[in-house]
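The values are calculated or read from the model by the stated rules, or taken from the named source; none is laboratory data. This one's a predicted model, so the numbers in the text were calculated from it and none came from an experiment. Keep in mind that these areas ignore ligands, DNA and RNA; they rest on the heavy atoms of the full protein, side chains included. Shrake-Rupley method; radii C 1.70, N 1.55, O 1.52, S 1.80 Å.
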Amino acid sequence: MKNFSTGAARSLVIRAAAAGVFAVLAMPVQAAVDCAFRPNAPDQHVVVKRDTLWDISGTFLEHPWCWPQVWGMNRDEIRNPHWIYPGQIVYFDRAHGRLTLNKPGAGADAGQPPLVRLSPQVRTEGVDANNAVPAIPSGVIEPFLTQPLVVEPQALAAAPRIVAAAEDRLYLGEGDRIYVRGALDGASSFQVFRPGKELRDPDTNQVVAHEATYIGTARLVKAAGPGTDVHTFVVTRSDKEMGVGDRLLPVPPTPVRNYVPHAPARAVAARVMALPTESNFASQNQVVTVNRGTLDGLDVGSVLQLYHLGQTVTDPESKGFLGFGKAKLKLPDEQYGDLFIFRVFDHVAYGLVMRTTGPVQIGDVARSPE
């Protein structure tokens, strides 16, 4: 089977079937060492509505995160990838060792429309992007894309807070007026949250974030003017009862959902520091929090491999002295799954557990693919 261990330039061949647009884009790509095709990889795969990029990649490749390498995608294409739609066919071009939406051996000479060079990225027109195949299952991660479930210390310290309510109400609901103190920085739509427990880095024991309970949303009615210390807001949505002391964060921009799996640009070694529930374990298609973020080399779409930390055991042949001081042996870390990073903060990130052969636990290692 073809193993992609060279840094040779590859051509990206893409066909947007619904638009009838073809493109070839040549670029140098340093492929991952172990981006090998599966021994039983099929010649083609018809894309269906339930597919994800991860599923399609796993049909052909030993490691689904190798998708960009076998398509010849550079960092710009990873940030702004092309679309793939149900009904298209992904082909395994065995002769050139790549995946393509163009049937191997077919092209302009086979009655296809002529190839057109596009730069710097591939675009398709006349196609509804909302119908494009997602990179990963989207339903599980939606709350983590739009709600402040983790807040870093700087953001928490600067977050405006509710200091009073109209008519001295203790608990607030939709339509109620609230009074907020703090810098708004030009924003007018906010999410309301309640700070939760501290999240500590397993390596340093330093607080790197706080869990946050999403409560609802509020809209600015009138900013603080001369002679007043607070801004006037109205509650626009209330999932839980709001109260004095709850904090506000600006509604985040619409998140990017067209992720493409790739290894981080530089080596990253992270640790799992929070699980989605009070459970001691997480499983496939659940979200976990790791103690690394943008400033540590992670970006949206980064893939890390999950490891259980190797145990330290006593050497059975070590004698010691009077039964004490026996030699210890460190067992290797055991790789058991993949983690797909889909939302990144400065020093914290959310990851979706993908392929796994065992439960994820707090303290587990998440490293760049090897």
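Applying the Karplus parametrisation 6.51 cos²θ - 1.76 cosθ + 1.60 with θ = phi - 60° to the phi angles of region 296-301, what ³J(HN,Hα) value in whole Hz is obtained for each residue in order, glycine and proline being reported as x?
Each residue's phi maps through the Karplus curve to give 9, x, 8, 9, 4, x Hz.
Express in Å², to the nearest 10, the accessible area of D229 obtained by rolling a 1.4 Å probe over the protein heavy atoms while all chains stay in place.
110 Å²
Name the long-range amide H neighbours of H210: under 5 Å, sequence gap of 5 or more, or other chain; modelled H, no Pro or chain starts.
V151, E152, L199
Give the accessible area for K330 in Å² (nearest 10); use a 1.4 Å probe, count only protein heavy atoms, and leave out ligands, DNA and RNA.
Its accessible surface works out to 130 Å², give or take rounding.
Name the long-range amide H neighbours of D346: under 5 Å, sequence gap of 5 or more, or other chain; modelled H, no Pro or chain starts.
Result for D346 returns T294.
Hey, what do the phi angles of region 83-91 turn into as Karplus ³J(HN,Hα) couplings, whole Hz, using 6.51/-1.76/1.60 and θ = phi - 60°, x for Gly and Pro?
Per residue, the Karplus-derived 3J(HN,Hα) values read 9, 10, 10, x, x, 6, 10, 8, 9 Hz.
List the residues whose amide H sits under 5 Å from the amide H of Q44, counting only those 5 or more places along or on another chain, with H placed 1.01 Å from N in the peptide plane.
Those lying under 5 Å, H to H, from Q44 are F92.
Rolling a 1.4 angstrom probe over the protein chains, ignoring ligands and nucleic acids, what is the accessible area of H347 in square angstrom, nearest 10?
Spelled out: H347, probe radius 1.4 Å, area about 70 Å².
May I ask you to give the percent of accessible area on region 304-370 that is carbon plus sulfur, with a probe radius of 1.4 Å?
That fraction is 57 percent.
Can you pull the percent of region 189-259's accessible area that's carbon plus sulfur, 1.4 Å probe, other chains left in place?
That share works out to 49 percent.
Give the accessible surface of region 263-334 per residue, rounded to a whole number of Å², with probe radius 1.4 Å and ligands, DNA and RNA excluded.
Heavy-atom accessible area per residue stands at 57 Å².
Would you kindly derive the ³J(HN,Hα) couplings of region 59-65 from the backbone phi angles with the Karplus curve 6.51 cos²θ - 1.76 cosθ + 1.60 (θ = phi - 60°), listing them in order in whole Hz, with x for Gly and Pro?
Rounded to whole hertz, the list is 5, 9, 10, 5, 10, x, 5.
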